[in-house]
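> To start, I am sharing the structure in question, which I have written as structure tokens.
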Amino acid sequence: MRGAAPVSATPGARSPRRVPCRTARTTRPAGPSRGSRPPPAARGPTSWCTSATTSTGRTRRGRTTRRPTPAAPRPPTGPAVVVRENSEGEYAGLGGRNLGGRGPGGEVAAQRALFTEVGCERIMRFAFDLAPTRAHKKVSSVTKSNAQQYGMVLWDDVFKRVAADYPDGRTESVLVDAMSAKFVLKPEDLSVVVASNLNADILSDLGSALAGSLGLAASANLNPERRFPSMFEPVHGSAPNIAGQGLANPIGAVGSAALMLEHFGLSDQAARLHKAIEAATAAGVLTRDVGGSASTEDVTKALIDALNLRGCPR
């Protein structure tokens, strides 16, 4: 969601504490080799958290779940988080269509991206503040300054300046096309990925798809200053094309509820939801998007049953 909040928080709105993703959802491909990766159903537990944040302090976050699979040649090393600037950049809505009166073939459209030093710095500091709370304390900036010589060069300059204030952290600046490949081939080298509105939009969906399905990814659009409401929803949105058919995967929605609980400081209750997701997916209760045959109602019931087990302490 793109909001007009003041500054986004981390995906998932939990306090800058991140827990490993354990749903088959967001990203971390655990395939055998670069030459031949098994289809999603043949991969082991994936672990990628994606988040998106607005320049105002909002973020989208996701967790993954665990599902039974034949093998996991590359065990997960922890989730990665995509921190998304969500109020300016390529989605600023500047531009227009002109000269349509010239007749067929004569119209011109201009779409402009808006990058402000304030907006770039705000989201980058959020990413750097988040990094120390994670096992892999690294911030990766996504850029395209080799082709976009104004906005993305400003992005790079601000990243270098902000990074100088965090001398203990590891950093890298990666072109978006190379980062896409890194998501697929070397996700274990990623921890906190900060990117502009468009780049993070694409990469967060890529992470979800690599994990098995967009239906697994939870998200939070956060306002860390809590001056404005934060919003929590599955990354995939409302999916009206499958409404009422029992096909939707409820895990993204339940995971989003867990992120909301964390945002409210109810970490124990959030942990119970995460454990329930783990238990249901590990038991093989899966919707079609992740290779199962269960309906939305079946998965929901499995989650509720898991919440009532001793393994999900109250």
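> Which of the numbered conditions does Gly207 fail, given that it passes all the others? Conditions: (1) under 24 Å from Arg125 (Cβ atoms); (2) touching a Leu at 6+ places or on another chain (Cβ under 8 Å).
All conditions are met except number (2).
> Another one. Which count do you get for residues in the stretch 240-286 that are under 18 Å from Ala220 (Cα atoms), outside any loop (DSSP other than H, G, I, E, B), of a type in the set (S, T, N, Q) and open to solvent by less than 20 Å² (accessible area, probe 1.4 Å)?
So the count comes out to 1.
> OK, next. Please pick out the residue among Val193, Val153 that is aliphatic (A, V, I, L, M) and open to solvent by less than 40 Å² (accessible area, probe 1.4 Å).
Val193
> Condition first: open to solvent by 30 Å² or more (accessible area, probe 1.4 Å) and touching a strand residue (DSSP E or B) at 6+ places or on another chain (Cβ under 9 Å). Now tell me which residues in the stretch 156-175 satisfy that.
Matches in the stretch 156-175: Lys160, Tyr166, Gly169, Arg170, Thr171, Glu172, Ser173, Leu175.
> Just the residues that are free of Cβ contacts under 8 Å to residues at least 40 places away in the same chain and open to solvent by 90 Å² or more (accessible area, probe 1.4 Å), please, taken from the stretch 108-117.
Within the stretch 108-117, Gln111, Arg112 qualify.
> Restricting the first residue to the stretch 208-225 and requiring it to be on the phi > 0 side of the Ramachandran plot, which pairs with a second residue that is modelled with pLDDT under 85 and open to solvent by 10 Å² or more (accessible area, probe 1.4 Å) meet a Cβ separation below 6 Å and a spacing of at least six or different chains?
Gly212/Pro40
> Test Ala164 against the criterion of being at pLDDT 95 or above and within 25 Å of His236 (Cα to Cα), and give yes or no.
No: the conditions fail for Ala164.
> For residues in the stretch 180-239 being assigned to a loop (DSSP other than H, G, I, E, B) and among the hydrophobic types (A, V, I, L, M, F, W, C), which is nearest to His263 (Cα to Cα)?
Out of the qualifying residues, it is Leu222.
> Ok, one more. Scan the stretch 223-246 and give yes if some residue there is at pLDDT 90 or above and among the aliphatic types (A, V, I, L, M), otherwise no.
So far as the stretch 223-246 goes, yes, one or more of its residues are at pLDDT 90 or above and among the aliphatic types (A, V, I, L, M).
> Can you pull out the residues in the stretch 119-160 that are in a helix (DSSP H, G or I), in contact (Cβ under 8 Å) with a residue 24 or more places away in the chain and farther than 26 Å from Glu188 by Cβ?
Within the stretch 119-160, Gly119, Cys120, Glu121, Arg122, Gly151, Met152, Leu154, Val158 meet the criteria.
The values are calculated or read from the model by the stated rules, or taken from the named source; none is laboratory data. Remember, it's a predicted structure, so these values are computed and weren't measured experimentally. Because the Cβ atoms are built from the backbone with ideal geometry, glycine has one as well, and the counts that use them run over all protein chains shown. SASA here: full protein model, heavy atoms, side chains in, ligands and nucleic acids out. Shrake-Rupley method; radii C 1.70, N 1.55, O 1.52, S 1.80 Å.
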